[in-house]
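**Student:** The following block contains the structure, expressed as structure tokens.
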Amino acid sequence: MRVLWEREIPAGEIVVSPRPVWKCRACPMYGKRPSCPPYAPDWREAGEWVEHFKRALLVKFEVDMDQFEEEKRRAILYLLKREAEFFRQGKMYAFALFPGSCNLCDDCPFERGEPCRMPTKVRPSIDAIGIEIGRLVKIDFSESVLYGMVMIE
């Protein structure tokens with residue numbers, strides 16, 4: 001995993017709609033991870049939540065698709081680290097959003113109906129709460145990238 005860039009954006013540029021959530025329904029992780037629907041906040045609630053922020057940090061990660069799960073885990077941990085850094089700077093509502101489903105654990109107990117091992121670290125995925133990432137970046141499907149976000153203030 002390599003951070004290609006970080007870009008601070010006005011939160012007002014973030015579009016929240018039901019379209020990404022419907023796309024989640026086609027994902028094999030739908031309903032299996034705590035970061036995914038139906039466990040993530042509803043897109044309407046998320047839209048209202050986003051309106052209370054002024055800025056967000058958008059992060060583009062390059063990943064090796066042959067090591068996708070490990071690379072994604074490293075991206076998620078990076079986003080959580082950035083969230084903690086903003087928190088220490090006095091941004092008490094800083095909040096990371098994952099690129100896709102949570103994969104903090106190699107073997108997810110939540111999938112088996114057991115409690116999550118890391119409930120304080122799990123964050124919703126960008127798509128799960130309805131953020132249209134394609135409105136913020138030009139999606140190039142030939143790239144091996146993931147996008148994450150940290151809502152700042």
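**Student:** How many residues, within the range 128-153, are of a type in the set (A, V, I, L, M, F, W, C), surrounded by fewer than 20 Cβ atoms within 10 Å (Cβ to Cβ) and more than 12 Å from the chain's Cα centre (by Cα)?
**Tutor:** Counting residues in the range 128-153 that are of a type in the set (A, V, I, L, M, F, W, C), surrounded by fewer than 20 Cβ atoms within 10 Å (Cβ to Cβ) and more than 12 Å from the chain's Cα centre (by Cα) gives 5.
**Student:** Is it true that Ile14 is modelled with pLDDT of 95 or more and buried (at least 19 other Cβ atoms within 10 Å of the Cβ)?
**Tutor:** Criteria met by Ile14.
**Student:** If a residue has to be in contact (Cβ under 8 Å) with a residue 40 or more places away in the chain, outside any helix (DSSP H, G or I) and closer than 23 Å to Lys121 by Cβ to count, how many in the range 17-38 make the cut?
**Tutor:** Number of matching residues: 8.
**Student:** Going by the structure shown, is Lys81 over 17 Å from Asp127 (Cβ atoms), in a loop (DSSP other than H, G, I, E, B), among the basic types (Lys, Arg) and modelled with pLDDT of 95 or more?
**Tutor:** For Lys81, the condition - over 17 Å from Asp127 (Cβ atoms), in a loop (DSSP other than H, G, I, E, B), among the basic types (Lys, Arg) and modelled with pLDDT of 95 or more - is not met.
**Student:** Within the bounds of the range 44-51, is there any residue that is surrounded by 15 or more Cβ atoms within 10 Å (Cβ to Cβ), touching a helix residue (DSSP H, G or I) at 6+ places or on another chain (Cβ under 6 Å) and over 16 Å from Ile126 (Cβ atoms)?
**Tutor:** Checked the range 44-51: no residue is surrounded by 15 or more Cβ atoms within 10 Å (Cβ to Cβ), touching a helix residue (DSSP H, G or I) at 6+ places or on another chain (Cβ under 6 Å) and over 16 Å from Ile126 (Cβ atoms).
**Student:** Could you list, in sequence order, all residues of the range 98-109 that are over 18 Å from the mean Cα position of the chain (by Cα) and either not charged (D, E, K, R) or not in a loop (DSSP other than H, G, I, E, B) (or both)?
**Tutor:** Pro109
**Student:** Quick one: which residue in Arg82, Arg55 is within 15 Å of the chain's Cα centre (by Cα) and in contact (Cβ under 8 Å) with a residue 60 or more places away in the chain?
**Tutor:** Being within 15 Å of the chain's Cα centre (by Cα) and in contact (Cβ under 8 Å) with a residue 60 or more places away in the chain holds for just one of Arg82, Arg55, which is Arg82.
**Student:** Let me ask another. Return the residues of the range 113-135 that are free of Cβ contacts under 8 Å to residues at least 12 places away in the same chain, of a type outside the set (Ser, Thr, Tyr) and in a loop (DSSP other than H, G, I, E, B); say none if nothing qualifies.
**Tutor:** Across the range 113-135, the qualifying residues are Gly113, Glu114, Pro115.
The values are calculated or read from the model by the stated rules, or taken from the named source; none is laboratory data. Keep in mind that what you see is a predicted model, and the values were worked out from it rather than measured. Cβ sites come from the backbone with ideal geometry, for glycine too, and all protein chains shown count toward neighbours.
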